[in-house]
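Here the structure comes first, spelled out in structure tokens, and everything after it is commentary.
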Amino acid sequence: MEFFRSMRLIARHLLICFVAMSIFSGVVYAQSKTVYIDTQVLYNFETVEEWLPVSNSSRFMVTGAQTNDEGIEVTYPNARLFPITPYGLGNLSSQSTNSLGVSVLFNRKAYNFFDLIPADQKWIPGKTQSLDLWVWGGNFDYRMEIILEDRKGYTHTYDLGSLRYMGWKNLNYNIPTSTRQAEAHIPTTYGLKFLNFRFWSSPETRTDSFTVLLDYFQAVTDTYRESYDGSDVEKALLEEQNAGTTGGGANNTTETEVAN
């Protein structure tokens, strides 16, 4: 009798385990989703004209014509192209022939900063996974940030890290899942807009010169969009909203992220 009772208990336990595994498998299956990871080149730094003159900066920034140590008159901030690209681009070097160089001066030590703003602040399609670009550092004690804006008008500041190194380095940032990039209603995915780069100096660093070079800024993004009868309407609405939305975010709430 005990034997049959034990067998019934074992069978009951096996049934419970089977049901639990079935439910878990169903949940996992329900949570799975299709993704399409794509790389989008945002800015290739091939022309100076695509970047606005530095306008948002610390009050200690020097502007106008200055004579450097070689006796050459230079207007600061100074933005110009260099026919140089990082070797690290590898096969992608054929897509980039120039890099953008920016030099600035400050007349007082402080937490000085300046912004480098594109003439065209672009929306990144899909859900942005990560951002990266090549940055040439001259071992200056500066930090670099990327500032984005979401559809609600909130700005997100991501710290790319220190520029205290020599030569080219690929700086990247993984966008946290807490950054809102989608809605339950259409358009379900609306992406993020790139606003500008920001550079901060250490209050101990020299003020007489700072130069940085930039090249090949790209985003890794999930551009999958579910296809359904009428999905073309959602695409048209998203394009309409993007065309009618202006950048800036000057009066918006700012969320600052620490470098990952």
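Quick note: the coordinates plus some simple rules give every number you see, no bench work behind them. Quantities reported herein were computed from a predicted structural model and do not represent experimental measurements. No Cβ is skipped: glycine too gets one built from the backbone with ideal geometry, and neighbour counts run over all protein chains shown.
Some observations on this one:
- J(HN,Hα) series, the stretch 68-78, from Karplus relation 6.51 cos²θ - 1.76 cosθ + 1.60, nearest Hz, glycine and proline x: 7, 4, 8, x, 9, 7, 10, 8, 10, x, 10
- Amide H contacts of Ser130 (H built 1.01 Å from N, in plane; Pro and chain starts excluded): Ile175, Val220 sit under 5 Å, all sequence-distant by 5 or more or on other chains.
- Sequentially through the stretch 101-106, phi angles give Karplus couplings (6.51, -1.76, 1.60; θ = phi - 60°) of x, 10, 10, 9, 10, 10 Hz, Gly and Pro residues having no value and appearing as x.
- Extension reserve of the Thr211-Glu73 stretch, reckoned as 0.36 nm per residue once the Cα distance is removed: 48.0 nm
- Phi angles across the stretch 130-146 convert, under the Karplus curve 6.51 cos²θ - 1.76 cosθ + 1.60 with θ = phi - 60°, into 3J(HN,Hα) values of 7, 10, 7, 7, 8, 10, 8, x, x, 6, 7, 7, 10, 10, 10, 10, 10 Hz, Gly and Pro given as x.
- Loop-located trypsin sites (Lys or Arg not before Pro) across the stretch 63-122 with a Cβ neighbour count of 15 or fewer within 10 Å are Arg108, Lys109, with loop assigned by DSSP.
- For the stretch 96-180: rounded, prolate or oblate by the Cα gyration tensor [a/c cutoff 1.5]: prolate
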